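Before any comments, here is the structure.
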Amino acid sequence: MKHAILFTVLLVAATFTFARATIIHVPGDYPTIQQGINVSTDGDTVLVQSGTYVENVNFNGQNIVLGSLYLTTGDTSYVSTTIIDGNSSGTVVVFESGEDNNAVISGFTILNGQGSPNPPYSGGGITCRNQSNPLISGNTITGNSTTSGGGGIVCYDSDPIINSNILDGNSGGLYGGGIYCKDYSSPIINNNTIGTRIPNSASYGGGINCSIYSHATIINNEIIGNSTGRGGGIYCSFSNPVISNNMISGNGVSYEGGGIHCYNSNPVINNNTISENNVFQSSGLGGGIYCNNSNPTISNNIISGNNVDHGGGGIHCHYSSPSIDNNAISGNNTEIGGGINCYHSNPTISNNTISRNSAALNGGGIYCYDSDPTISNNTITGNSAALNGGGMYCVSSSIPIIVNTIFWADSASYSPEIDFDDSSSPYFTYCDIQGGWAGEGNIDIDPLFRDSDNGDFHLMADSCGDVYNSPCIDTGDPAIFDNMLGCDWGLGELRSDMGAYGGEGISTNADEEQSPEIPSQFLLSQNYPNPFNASTVIEYSLPEATDVTIEIYDILGRKVETLIRGELPAGYRHAIWNAEMQNSGVYFYKIQAGDYIETKKMILLK
């Protein structure tokens, strides 16, 4: 019981009363916090009085709640006056013996740690290794360093919850100035401020580094003003993190990936603001996002105002085929490929607005070099290039396929909308291209955006209260129809619209394989979205009619809610869990359908 109370209250950072837990007050003249921990047992709470200034702490495998008076009051002033000082003699706080989420450190300033590059490797501020998964919440982690990786926090084969901390002024040496995740570590990194006041720095990943199959969940963080060689905000190598709802801004790098750098990784990058990041070297690439031999999913982001000298002001694709969908890519600057630069890459680029990007040479909106991207339902407008192809420029045997896309009001000294060399053959159908273009269904008519001056590129429609109807409504590919209809999406009821708000077009080809109505086996799918805020969808398949029970459990194994109970017919089904009344944390959902039993994990983050 006491574990649940402590864990829940820490996550919401509220004032609470400790129930059935031993509280050990550690006064300022106590020799070390460590002595307080050594006399306690699992489940104890160690409260440290304000003004205490002590050295390194090792949890020694005990699930202790260690906190300043911030823990009981929610008063952040206690964080700065309750200090754990590594005195440059080693890691400040160590978890290395399998501690779980009931081991907590909260409300301290953690500084002057010195990590070790030698086995057992350690970070500067906090080290988690050997499958240690504590909760690290509400701390200021600053002025720590290491030469190997993890100036602020390092995770080796561990999955801690890192929540609501300030990490700044840490140096990771090679990897991860703020946080370094390595060797199959998948922490939850939520609601932290990483950088902002004092930059974190490292050679790879100024803010966060995820390497060697470390699939972190990075959500709701401010990753601002960090510096590095590659990956100013986040660096991914052989890892597939989820990067969602973050502010990644003002980071600076020497070579590639001002905001995010992906190397042999396929992260999910969605709903972030990636802005005002900078790459300084003359050969630098990827002001916002850099992809090298990687196929990330890049969706619903604002990628704006990033700067790089050579290529890919917004996104650079290098031997990569990412999915680039529903993004606003605007105001980025570079030499070639102001919005997107494709180099030996075949990305799928759909439903984006690519506007007001600039290239000092060619390809203000998109640049293709030996690349065959698929470009559908985009609005490419107001981009500029000093030489060729204000909207798009293709060279070196590039054969992009472009459909349902608007090219309008772009500018360049030569061929303001589209240009290509003799070896390239772009293929345009059902596009609105200013100045005209040969090809089936192409038109040359003002698309009538609602308010392009203020970045609103929806199509005018009298049914939405506008004066005119855009000529791009119902003039897209007739084999595609608008799956989402409405003034904020597609309007065409007979066929697809052109442009970024073309209604999420889907094919109507009758030859496509249809999903069977009855599934062939029992299956419980991963919930989506995950992590989620407030509600999530749980899909499951029943090959036959049977009794079905779906239950939700918390991290301590206590049943929270029963979603489904009763006999259901065969088919594809879903349940929705509304968790508005629950606290952030890890939960499990379990299905029992006849003899079929399966349990999966999900994460609620508010």
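Between Asp488 and Thr429, what length in nm is gained on full extension when 0.36 nm per residue of separation is reduced by their alpha carbon distance?
Contour length minus the Cα-Cα distance gives 18.8 nm.
When the dipole is taken about the Cα centre of the chain, and only Lys, Arg (+1) and Asp, Glu (-1) are charged at their Cβ, what size is it in debye, to the nearest 20?
For this selection, approximately 2400 debye.
Where a Cα-Cα gap under 14 Å defines reach, which aspartates and glutamates qualify for Lys182, not counting those fewer than 8 residues away within the same chain?
Hits, sequence-local ones excluded: Asp157, Asp159.
What is the helix-to-structure angle for 2-12, meaning the angle in degrees between its Cα long axis and the longest Cα principal axis of the chain, kept from 0 to 90 and rounded to the nearest 10?
Taking the Cα atoms of the chain, the angle to 2-12 is about 40 degrees.
What whole-number volume per residue, in cubic angstrom, does the convex hull of the C-alpha atoms of region 368-481 give?
Dividing the Cα hull volume of region 368-481 by its residues yields 102 Å³.
Which ³J(HN,Hα) values in Hz, rounded to whole numbers, follow from the phi angles of region 89-99 under the Karplus curve 6.51 cos²θ - 1.76 cosθ + 1.60, where θ = phi - 60° and Gly and Pro get x?
Listing the rounded values in order: 10, x, 4, 6, 10, 10, 10, 8, 10, x, 4 Hz.
Express the relative contact order of the chain as a whole percentage, based on alpha carbon pairs under 8 Å and six or more residues apart in sequence.
Reported relative contact order: 5 percent.
Straight-line reach from Lys590: which aspartates and glutamates fall under 17 Å, measuring Cα to Cα and dropping same-chain residues less than 8 apart?
Once the sequence-local aspartates and glutamates are set aside, what remains near Lys590 is Glu539, Asp547, Glu551, Asp554, Glu561, Glu567, Glu598.
Can you check how the C-alpha radius of gyration of the chain compares to 2.2 N^0.38 Å, as a plain ratio? If you can, show how the numbers build up before the last one.
On the way: Rg = 26.6 Å, N = 606, 2.2 N^0.38 = 25.1 Å.
Here the Cα radius of gyration is 1.06 times the empirical estimate.
Tell me which residues come under 5 Å, amide H to amide H, from Ser132 once H is placed; ignore anything under 5 positions away on its chain.
Gly98, Asp159
How large a share of the accessible area of region 320-408, in percent, is made up of carbon and sulfur atoms when the probe is 1.4 Å and the other protein chains stay in place?
Carbon-and-sulfur percentage of accessible area, whole number: 48.
Using the heavy atoms of the protein chains and a 1.4 angstrom probe, tell me the accessible area per residue for the chain in square angstrom.
37
Rounded to whole Hz and in sequence order, give me ³J(HN,Hα) for region 163-179 from the Karplus expression 6.51 cos²θ - 1.76 cosθ + 1.60, θ = phi - 60°, writing x for Gly and Pro.
10, 6, 9, 10, 10, 8, x, 9, 10, x, x, 7, 10, x, x, x, 9
Pop a pseudo-label 7 angstrom from the Cα along the beta-carbon direction at both Asp75 and Ser397 and give the gap in nm to one decimal.
Reported label-point gap for Asp75 and Ser397 is 7.1 nm.
If I model a spin label as a point 7 Å beyond the Cα along the Cα-Cβ vector, how far apart are those points for His574 and Thr297 in nm?
That separation, rounded to one decimal, is 1.3 nm.
Counting only helical runs of four or more DSSP H residues, what would the 222 nm mean residue ellipticity of the chain come to if each run contributes -39,500 (n - 2.57) and the total is spread over all its residues?
So the helix-based figure for the chain works out to -1000 deg cm²/dmol.
The values are calculated or read from the model by the stated rules, or taken from the named source; none is laboratory data. From a predicted model like this one, the values you see are computed outputs, not experimental measurements. Neighbour counts are summed over all protein chains in view; Cβ atoms, including those assigned to glycine, are modelled from backbone coordinates with ideal geometry. For the accessible areas, the whole protein counts, side chains as well, though only heavy atoms, and no ligand, DNA or RNA atoms are used. Shrake-Rupley method; radii C 1.70, N 1.55, O 1.52, S 1.80 Å.
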